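Trainee: Below: one structure in structure tokens.
The values are calculated or read from the model by the stated rules, or taken from the named source; none is laboratory data. All of these numbers come straight from a predicted model, not from anything done at the bench. Reconstructed Cβ throughout: ideal geometry from the backbone, glycine too, with neighbour counts over all protein chains shown.
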Amino acid sequence: MDFLREDFEYILAVYLRLSKEDGDMSVDRAESNSITNQRALILSYLKQHFPNIKVFKIYTDDGFTGTNFERPGFKEMLQDIYEGKVNFVIVKDLSRFGRDYVEAGKYIKKKFRTMGVRFVSVLENFDSLTATPTDYNLLLPVRNFINDQFSSDISTKVRGNQSAMRSDGLYIGPYVSYGRKKSADNKHIIEVDEYAASIILEMADALFYGYTVQKISEWLNIRGVLAPADYKRSQGIQFKTSFQTNIKSKWTPKAVIRALSDPMNIGTMEQGKRQRINYKVRTMVEKPWEERDVVNDRVPAIMSADVYDNVKRLLLMDMRTAPGQDTVYLFCGLLYCGDCNNSMIRRKQGAGISYICSAYNKKEKCTRHTIVDVVLQEIVLEIIQSHIKTIVYVEEVLDYMETLNVAREDLEHYDDEIQSKYQELERYSKMQSALYRDRADEIINEEEFLEYKQFYEKRCAELEQTIAYLKQIISNISVNRSDCCRWFEEFKKYRNVQKLTRAMLIIFVDKITVYEDKRINVVFRFADEFSALQNYIKAAEGFMSDIGSIGAVSGKAVS
């Protein structure tokens, strides 16, 4: 094209761009880079230098980074160039055009010149029509490189600032999850949204009573409870999400799972789950758990840690309902074969219900392990009642021990397991000492000596570690009883229970196994904690026996 002809007709495109990073720098810079000011500056320049050229269109990318050219306004302008609608592009400065110095240079030096497009940057006083080789080979690369480095520096600073805020427990996301809201005084502080939080707790209760996430989502929709996206909009939040597929969003099983499994439910703020590869590539990659910013107790919890653990456990279970049923069966996800460890399946037998091994049902190598539903309920209820009585007794012993002001060292002396480990440690220490005599007497050679020595040293180290762990358990129970026994209250709520319920099983039971000889084994939740408490009580019983306090607890002898 002959741009120098007086009758040549230019078709002008004005390109404006502002990224969030540019707007965050400072008040002065935000104002100078604003879309409004860019437009005013360029139109004033055109009026002064190109009064006879009319603007075909003003293309705008507001809120888009300059580190790549994946921008809707730029793409639209490029398409109009390809179609011959535009042959003159003007920008405020080269940084508004782009901050990737390689790609920006390609467009200005090659693509636009090849397509016969004139390019003008106002502040750099660059005009491709009058530019010299020095302008192309020195000015453009240096300017574009500076713009690229500026973007890199900004990216580093922004990431560092965000990481520091996340580590301090300050929320930096654009939206908060369902059940929370941003403080009106500080957008980085998260508060509980009482209404939404109450809905989450209702969902958790429904899950405990055997309702599946599918049924819970249907129940919420029937009640007219707004789904998370619509609820946020009802609160005046300009919310956009890729999860919504309809004009009016509805609760789905996935939405229910997201709401229930959110760690913010127990006050844990997890941020920095993903990150961009670098400042030029927008692709996000998942970060390992240890590299994420996880801060506890910076968000008000809406449920206890025990309830949350149970919710997570239930969400992992296979909880399908039978046709026409709203809730799962009583033992769903809890009942297993004691020999092959496969799940037990429910079968109708006449008017009654029984369970058999699923492996046997598939004709695999196992036996029926049949157990009648009514009998199973009676046995499990009796085991739970007995366990609750034991827990109540343990609490009474702990209460009584507090009144005696017993020293931790006294209980360690009466702990059978600790004393057993001490005896074993002494035995290995003596055997280790005897090795030197055996080597001196030439009973064993040097190779055997080193092999036995290494084994005894390893075993002694393991025993010392075990003793330290057992002592720590006693210390924790003595000093931090409220933390160690926080689950007592849940069990005690059911001390007078006479009927087995789904909620009770979820709270108490981790697993139920059925053996061919009809034996039933119930694995309770908090089994490790309870075992530690039992050792503690045995030590306490030994201490009380020696000081003459036996039988003082609940007016009955301690066996």
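Trainee: In the range 1-28, which residue that is touching a helix residue (DSSP H, G or I) at 6+ places or on another chain (Cβ under 7 Å) and either charged (D, E, K, R) or assigned to a helix (DSSP H, G or I) (or both) is modelled with the lowest pLDDT?
Mentor: Gly23
Trainee: Further question on the same structure: Tell me which residues, restricted to the range 161-219, are touching a strand residue (DSSP E or B) at 6+ places or on another chain (Cβ under 8 Å), under 18 Å from Lys250 (Cβ atoms) and in a helix (DSSP H, G or I).
Mentor: Ala196, Lys215, Trp219
Trainee: Continuing with the same structure: Counting only residues that are among the charged types (D, E, K, R) and at pLDDT 75 or above, which one in the range 377-434 is farthest from Lys458 (Cα to Cα)?
Mentor: Glu378
Trainee: Looking at the structure I just gave you, is Arg96 charged (D, E, K, R), at pLDDT 85 or above, surrounded by 18 or more Cβ atoms within 10 Å (Cβ to Cβ) and in a helix (DSSP H, G or I)?
Mentor: Against the criterion (charged (D, E, K, R), at pLDDT 85 or above, surrounded by 18 or more Cβ atoms within 10 Å (Cβ to Cβ) and in a helix (DSSP H, G or I)), Arg96 qualifies.
Trainee: Considering the range 99-133 alone, what residues qualify as being aliphatic (A, V, I, L, M) and part of a strand (DSSP E or B)?
Mentor: Selection gives Val120 alone.
Trainee: Another question about this same structure. Take the residues in the range 486-543 that are among the acidic types (Asp, Glu) and modelled with pLDDT of 85 or more; name whichever of them is surrounded by the fewest Cβ atoms within 10 Å (Cβ to Cβ).
Mentor: Going through the qualifying residues, I end up with Asp517.
Trainee: Could you grab me the full set of residues in the range 369-401 that are free of Cβ contacts under 8 Å to residues at least 24 places away in the same chain and of a type in the set (D, E, K, R)?
Mentor: Residues satisfying the conditions are Glu378, Glu382, Asp399.
Trainee: Select, from Gly73, Gly84, the only residue that is surrounded by fewer than 14 Cβ atoms within 10 Å (Cβ to Cβ) and farther than 26 Å from Asp135 by Cα.
Mentor: Gly84
Trainee: Moving to a separate point now. Out of the residues in the range 220-238 meeting the condition of being out of contact with any strand residue (DSSP E or B) (no Cβ under 8 Å at 6 or more places or on another chain) and among the polar types (S, T, N, Q), tell me which one is surrounded by the fewest Cβ atoms within 10 Å (Cβ to Cβ).
Mentor: Gln238
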